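**Q** Shown below is the structure under consideration.
The values are calculated or read from the model by the stated rules, or taken from the named source; none is laboratory data. In this text the structure is predicted, and so the values were computed from the model without any measurement. Methodologically, a virtual Cβ is constructed for each residue, glycine included, from the backbone with ideal geometry; neighbour enumeration extends over all protein chains shown.
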């Protein structure tokens, strides 16, 4: 039986406020721990599924510029 990491993360963050989400992101970035990456990935997945095409283009542009 496999562990559903995505499901566990979603269950853990379900019902989070905007402030909770921001605190989670800031905390993950400040700590820089590898174990936080899956959670950030799930948050990004939630964003992506709910973003407009224009928002998706903007975030891809920002990320690609940050990688220069």
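**Q** Look at segment 32-55 and say how many of its residues are more than 14 Å from the chain's Cα centre (by Cα) and modelled with pLDDT of 95 or more.
**A** Adding up the residues that qualify gives 4.
**Q** Let me ask another. So which pairs qualify, if the first residue must be in segment 2-31 and touching a residue at least 12 places away in the same chain (Cβ under 8 Å), the second must be in a loop (DSSP other than H, G, I, E, B), the Cβ gap must be under 8 Å, and the two must be at least 6 apart or on different chains?
**A** Partner pairs satisfying both residue conditions: 24/16.
**Q** Would you pick out the residues in segment 16-30 that are surrounded by 10 or more Cβ atoms within 10 Å (Cβ to Cβ) and either in a helix (DSSP H, G or I) or at pLDDT below 95 (or both)?
**A** Result: 20, 21, 22, 23, 24, 25, 26, 27, 28, 29.
**Q** Give 62, 68 a once-over and let me know the one that is surrounded by fewer than 11 Cβ atoms within 10 Å (Cβ to Cβ) and in a loop (DSSP other than H, G, I, E, B).
**A** That would be 68, the only listed residue that is surrounded by fewer than 11 Cβ atoms within 10 Å (Cβ to Cβ) and in a loop (DSSP other than H, G, I, E, B).
**Q** Need pairs with beta-carbon distance below 8 Å; first residue surrounded by 12 or more Cβ atoms within 10 Å (Cβ to Cβ) and within segment 47-59, second not in a helix (DSSP H, G or I); sequence gap 6+ or separate chains.
**A** These pairs meet every condition: 59/51.
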